[in-house]
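Enquirer: Quick one: the structure is below, questions incoming.
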Amino acid sequence: MAASVSDRFDIDATPEQVMRALEDVERIPEWSSAHKSVEVLTRDDDGRPLRIRMTLSLLGFSDTQTIEHSWTESSTSWTLVDSAMQRSQDGEYALEQIARGTRVHITMSLEPKVPVPGFVLKRGQKHAVEAVRKGLTEFVLSNYA
């Protein structure tokens, strides 16, 4: 069963500052407790991460994933390449300039390889989005704003 989640929140920083924080993927464990480690495997010509491997632990499930990023001036999206626990995962951070900073739109869908009750999957996604909202905001404001 695939599940999707989306959210939006505002950060009192410029889109460029938020994008620099998103590009700094090796530091994701500093603001996301689910991420235990992140390693950049390849980078694009501008130095942005393309393929990364990360180890996560959420709601008692641990997984090592490889994902591939795509970057534009105002967004980053990712697609799952390899995972022991997931069949598919796609997501995006899209940044929008607003009067007082940046509105971050996050979307994510995933399909686990093993049957997981829908409410557990939704709870995990909700927890992940809440962690992004709080953690990314604090990380941007502490390091890039």
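Enquirer: For region 19-84, what % of the accessible area comes from carbon and sulfur atoms, probe 1.4 Å?
Expert: Working: 1560 of 3470 Å².
Carbon and sulfur: 45 percent of the exposed surface of region 19-84.
Enquirer: Let me ask another. Let me check something: with ligands and nucleic acids excluded, how do Phe119, Phe139 order by accessible area (1.4 Å probe), largest to smallest? Write out the running numbers ahead of the final one.
Expert: Values: Phe119 135, Phe139 10 Å².
Final ranking, largest accessible area leading: Phe119, Phe139.
Enquirer: Right, here's the next one. Grab the beta carbon distance between Glu96 and Arg43, set R0 = 22 Å, and tell me the FRET efficiency rounded to 0.05. It would help to have the intermediate numbers written out before the result.
Expert: Values: r = 26 Å, r/R0 = 1.17.
Result of the calculation: an efficiency of 0.30.
Enquirer: Of His69, His105, His127, which has the most accessible area with a 1.4 Å probe, and how do the rest follow in descending order?
Expert: Numbers: His69 20, His105 45, His127 80 Å².
If we order His69, His105, His127 from most to least accessible, we get His127, His105, His69.
Enquirer: Add -39500 (n - 2.57) for each DSSP H run of 4 or more in the chain, then divide by its residues: what number comes out at 222 nm, to the nearest 500 deg cm²/dmol? Could the numbers behind the result be given before it?
Expert: Details: 3 runs with 39 residues, N = 145.
Calculated at 222 nm, the ellipticity per residue is -8500 deg cm²/dmol.
Enquirer: Still on this structure, I have one more. What's the carbon and sulfur percent of region 96-139's accessible surface, probe 1.4 angstrom, rounded to a whole number? Walk me through the numbers before you get to the answer.
Expert: Values: 1470 of 2460 Å².
The nonpolar share, carbon plus sulfur, comes to 60 percent.
Enquirer: Tell me which lysines have Cα within less than 20 Å of Lys122's Cα, excluding those fewer than 8 residues away on the same chain?
Expert: Cα-Cα hits under 20 Å: Lys113, Lys134.
Enquirer: Collect residues whose amide H, placed 1.01 Å from N in the peptide plane, falls under 5 Å from the amide H of Asp10; neighbours closer than 5 in sequence don't count.
Expert: Distant-sequence amide H within range of Asp10: Val104.
Enquirer: Roughly what would the spin-label model give for Leu50 and Glu111, points 7 Å off Cα along C-beta, in nm?
Expert: Calculated label separation equals 2.7 nm.
Enquirer: Also: Residue by residue through region 74-80, which ³J(HN,Hα) values in whole Hz follow from phi under the Karplus form 6.51 cos²θ - 1.76 cosθ + 1.60 (θ = phi - 60°), with glycine and proline marked x?
Expert: 10, 7, 9, 10, 9, 9, 5
Enquirer: Still on this structure, please answer the following. Search the structure for amide H atoms under 5 Å from the amide H of Ala145, placed 1.01 Å from N in the peptide plane, and list their residues when 5 or more places away or on another chain.
Expert: So Ala145 has HN proximity to no qualifying residue.
Enquirer: Now, a different point. Enter the Cα centre distance for the pair region 58-106 and region 114-133, rounded to the nearest angstrom.
Expert: About 14 Å separates the Cα centre of region 58-106 from the one of region 114-133.
Enquirer: Go through region 38-54 residue by residue and turn each phi into a ³J(HN,Hα) via Karplus (6.51, -1.76, 1.60, θ = phi - 60°); whole Hz please, and just put x for glycine and proline.
Expert: Per-residue couplings from phi come out as 9, 10, 7, 8, 9, 10, 7, 5, 8, x, 7, x, 9, 10, 10, 10, 9 Hz.
Enquirer: Compute the long axis of helix 118-143 from its Cα atoms, compare it with the longest principal axis of the Cα atoms of the chain, and write down the angle in degrees, 0 to 90, nearest 10.
Expert: With rounding to tens, the tilt is 30 degrees.
Enquirer: With springs connecting C-alpha atoms under 10 Å apart, model the chain as a Gaussian network and identify which of Leu22, Leu56, Leu41 has the largest mean-square fluctuation.
Expert: It is Leu41.
The values are calculated or read from the model by the stated rules, or taken from the named source; none is laboratory data. The shown structure was predicted, so the numbers you read here are calculated from the model rather than taken from an experiment. Glycine also receives a Cβ, built like all others from the backbone with ideal geometry; neighbour counts cover every protein chain displayed. The area values use the complete protein model at the heavy-atom level, side chains included, leaving out ligands, DNA and RNA. Shrake-Rupley method; radii C 1.70, N 1.55, O 1.52, S 1.80 Å.
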